[in-house]
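Q: Dropping a structure here in structure tokens format, bear with me for questions.
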Amino acid sequence: MVGVTAADPYYRRDLAEVHHLGFGFHADRTAPGILALLEPVREAGGLVLELGCGSGLLTRYLVDAGHRVVATDASPAMLDLARDVVPEAEDVRLLRLPDDPLPPCDAVVSVGHVISYLPDEASIDRALGAAAAALRPGGVLAVDLCDLRWGAVERTGYARVSADWAIMMEYSIPRPERFIRHMVVFVRNGDGTWRRDDERHDNVLVDTALIPPFLAAHGLDVEVREAFGDEELPEGLVALVGRKPVLAR
């Protein structure tokens with residue numbers, strides 16, 4: 001996802017494949033609300049910039065609805081999948097926040113708490129500021145983000161097994177603003193043997209109540225919501241929904 005180094009990226013080949021095959025429910029859940037928010041953008045033929053597109057599951061919804069989309073991610077393995085899933089996207093490209101430039105656009109969307117993968121709160125602020133700067137007047141922001149409440153939810157380990165892959169997770173919260181997933185992934189090879197990969201994902205949790213005034217200083221009117229639409233997001237995952245005011249003539 002966004003924000004990792006090229007040397008040791010999140011979502012390498014095996015985890016990217018498992019995520020694509022078994023974890024599309026968040027894109028399914030959030031797509032209706034996001035599409036409703038973006039309807040004015042679609043009607044105007046505007047450009048949607050997706051941050052952390054993953055394997056293109058939300059991108060597929062956006063393109064099918066008639067949107068022009070530039071889909072981006074920091075995981076080369078995810079981008080390989082996305083190019084197959086949504087070949088009709090205007091572009092599918094590597095992009096790492098907060099330093100890579102964002103193209104001018106009419107909407108910025110992101111699901112799967114992508115920006116929470118950045119290394120610290122200052123990087124999250126820089127990424128959100130960059131998104132605000134990239135939006136044209138009238139543009140829409142719709143992203144989800146992990147609040148501090150995410151770390152207060154009691155969680156046990158997680159495991160899931162299918163015929164051709166398996167995943168196991170352990171969680172730790174070393175500090176109130178840090179959430180860590182330790183993941184072990186097994187994928188079946190063509191000859192019936194199995195291969196293993198291990199990934200550690202660090203997420204930064206923030207007080208999302210501070211984000212609207214921060215983005216107001218960047219020219220973006222934003223509110224923190226419990227969801228994009230009628231869906232129910234997990235406790236501690238919030239939706240940031242906003243619009244860049246149209247300049248007065």
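The values are calculated or read from the model by the stated rules, or taken from the named source; none is laboratory data. Computed from a predicted structure; not experimentally measured. Positions of Cβ are backbone-derived with ideal geometry, glycine not excepted, and every protein chain shown enters the neighbour counts. For the accessible areas, the whole protein counts, side chains as well, though only heavy atoms, and no ligand, DNA or RNA atoms are used. Shrake-Rupley method; radii C 1.70, N 1.55, O 1.52, S 1.80 Å.
Q: Out of the residues in the stretch 86-98 meeting the condition of being free of Cβ contacts under 8 Å to residues at least 60 places away in the same chain and touching a Lys or Arg at 6+ places or on another chain (Cβ under 9 Å), tell me which one is nearest to Val114 (Cα to Cα).
A: Taking the stretch 86-98 and keeping what is free of Cβ contacts under 8 Å to residues at least 60 places away in the same chain, we get 86-94.
Still in the list and also touching a Lys or Arg at 6+ places or on another chain (Cβ under 9 Å): 86, 89-90, 92.
On the way: Val86: 19, Ala89: 20, Glu90: 21, Val92: 16 Å.
Per the stated criteria, the residue is Val92.
Q: Here's another thing I want to ask about it. Which numbered condition in (1) in a loop (DSSP other than H, G, I, E, B); (2) touching a Ser or Thr at 6+ places or on another chain (Cβ under 7 Å); (3) among the aliphatic types (A, V, I, L, M) is the only one that Leu102 fails?
A: (2)
Q: Which of (1) touching an Asp or Glu at 6+ places or on another chain (Cβ under 9 Å); (2) in contact (Cβ under 8 Å) with a residue 60 or more places away in the chain; (3) more than 27 Å from Glu223 (Cα to Cα) does His201 not meet, given it meets every other one?
A: Among (1) touching an Asp or Glu at 6+ places or on another chain (Cβ under 9 Å); (2) in contact (Cβ under 8 Å) with a residue 60 or more places away in the chain; (3) more than 27 Å from Glu223 (Cα to Cα), His201 violates only (1).
Q: Okay, moving on. Please give the number of the condition Gly219 fails out of (1) closer than 18 Å to His113 by Cα; (2) open to solvent by less than 40 Å² (accessible area, probe 1.4 Å); (3) of a type outside the set (Lys, Arg); (4) outside any strand (DSSP E or B).
A: Here Gly219 meets the rest and fails (1).
Q: May I ask you to list the residues in the stretch 47-81 that are free of Cβ contacts under 8 Å to residues at least 60 places away in the same chain and assigned to a loop (DSSP other than H, G, I, E, B)?
A: Cys53, Gly54, Ser55, Gly56, Ala65, Gly66, His67
Q: For the stretch 13-46, name all the residues that are in a helix (DSSP H, G or I), within 14 Å of the chain's Cα centre (by Cα) and of a type outside the set (A, V, I, L, M, F, W, C).
A: His19, His20, His26, Asp28, Arg29, Thr30
Q: Go through the stretch 29-48 residue by residue and tally those that are open to solvent by 30 Å² or more (accessible area, probe 1.4 Å) and under 16 Å from Ala82 (Cα atoms).
A: Counting residues in the stretch 29-48 that are open to solvent by 30 Å² or more (accessible area, probe 1.4 Å) and under 16 Å from Ala82 (Cα atoms) gives 0.
Q: Return yes or no: is Arg155 at pLDDT below 95 and either farther than 17 Å from Val222 by Cα or open to solvent by 40 Å² or more (accessible area, probe 1.4 Å) (or both)?
A: yes
Q: How many residues does the stretch 33-91 hold that are of a type in the set (A, V, I, L, M), under 20 Å from Leu145 (Cβ atoms) and touching a strand residue (DSSP E or B) at 6+ places or on another chain (Cβ under 9 Å)?
A: Step one: filter the stretch 33-91 for residues of a type in the set (A, V, I, L, M), giving 34-38, 41, 44, 47-49, 51, 57-58, 62-63, 65, 69-71, 74, 77-79, 81-82, 85-86, 89.
From what is left, the residues that are under 20 Å from Leu145 (Cβ atoms) are 34-38, 48-49, 51, 57-58, 62, 71, 74, 78.
Now drop any that are not touching a strand residue (DSSP E or B) at 6+ places or on another chain (Cβ under 9 Å), which leaves 34, 37-38, 48-49, 51, 58, 62, 71, 74.
Counting residues in the stretch 33-91 that are of a type in the set (A, V, I, L, M), under 20 Å from Leu145 (Cβ atoms) and touching a strand residue (DSSP E or B) at 6+ places or on another chain (Cβ under 9 Å) gives 10.
Q: A follow-up question, please. From the list Glu170, Glu177, Glu154, which one is touching a residue at least 40 places away in the same chain (Cβ under 8 Å), of a type in the set (Asp, Glu) and either closer than 27 Å to Leu118 by Cα or in contact with an Asp or Glu (Cβ under 8 Å, 6 or more places away or on another chain) (or both)?
A: Being touching a residue at least 40 places away in the same chain (Cβ under 8 Å), of a type in the set (Asp, Glu) and either closer than 27 Å to Leu118 by Cα or in contact with an Asp or Glu (Cβ under 8 Å, 6 or more places away or on another chain) (or both) holds for just one of Glu170, Glu177, Glu154, which is Glu177.
Q: Within the stretch 62-121, track down each residue that is hydrophobic (A, V, I, L, M, F, W, C), over 24 Å from Arg136 (Cβ atoms) and open to solvent by 10 Å² or more (accessible area, probe 1.4 Å).
A: Answer for the stretch 62-121, where residues must be hydrophobic (A, V, I, L, M, F, W, C), over 24 Å from Arg136 (Cβ atoms) and open to solvent by 10 Å² or more (accessible area, probe 1.4 Å): Ala77, Leu81, Val85.
Q: Also: Look at Asp191 and say whether it is touching a residue at least 12 places away in the same chain (Cβ under 8 Å), acidic (Asp, Glu) and farther than 24 Å from Gly33 by Cα.
A: Taking the combined requirement at face value, the residue does not satisfy it.
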